[in-house]
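This report refers to the structure that appears directly beneath it.
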Amino acid sequence: MTVEPEIPFLAVDVETVALRAEEAPRAVVDYLLGGRSSLTALHPAFGRVVCVAFCDPAGAVESRTALRPEDERDLLEFFWGRLEAAGRAKLVTWNGRRFDVPFVQVRSLVRGVRWKVELDLRGNRSLQDTNLVDLMELFAPGLAEFQWIPQELAAHLLGVEVAPAPAGRDIESLVREGDAEGVRRRCERDARLTAELFLRVRALLPFGLQEPATPKQLDYLRQLLQRRGQPVDEQWLAGLSRAEASAEIDRLQNR
């Protein structure tokens, strides 16, 4: 039986900029002046997060923007707090396994922000089991020697409309000019586009071949969770396959 999967997910986009010399610690400036690297927004040691945006399956977008370096911590706490609140939902990204999530993790270390959600950065799990889906990898899967393509191009290939927004290369200048609205528009557009891409392809992916959990399984899972004083995440329950529900029931019964 093939079913249209109802997979709980949360799409995310993160915008970053390079640290200016006056914003960076002296040791970082000395390192860069020594010619051993270049100041870049693409490395978390020399950059910072300026915007985070999430988009849910219904298209609702939630974002935070911080143009000042001293406000970056608030963005990082928002990122991890939103993920924790999402429970078992999958985090869907474009280049998130190689860039967005590692960047946020390193900046969280620098800012002293603790996180409790462990994301599958190695990509060792199946699409059914992973909690991090990187849509960019679908266009250069496995060991395929394909060049990565931009998100906008993938959208055009799949017939997904791309709304106008400032270019990614303009984020640095927007931050310098204090244009928080422009930064937010770009970040939210990309988060929404990521969600729309996932909605377009999810029925074609392997986790689309799973039979959903039966009402009887879900009712029993609710009872087991309630007996143990654990919260019942209805969004997570709705995304369980029959096999996953059976495994979860066995786990709870054997605790």
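All of the numbers you see were taken from the coordinates with simple rules; none came from a lab. Only a predicted model underlies this, so the values are computations on that prediction, with no experimental measurement involved. Cβ atoms come from the backbone with ideal geometry, glycine included; neighbour counts cover every protein chain shown.
Overview of values
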item: Tail beyond 14 Å, pair distance distribution of the stretch 212-253 (Cα, percent); result: 37
item: Nonlocal amide H pairs with Leu132, under 5 Å, H built at 1.01 Å; result: Leu91, Asp120
item: Electrostatic dipole magnitude of the stretch 9-207 [Cβ: Lys, Arg +1; Asp, Glu -1; Cα centre; debye, to 20]; result: 420
item: Residues with amide H under 5 Å from that of Val50, placed H, sequence gap 5 or more; result: Glu15, Thr16, Val17
item: Value of Rg/Rh across the stretch 9-207 [Cα atoms, Kirkwood radius]; result: 0.96
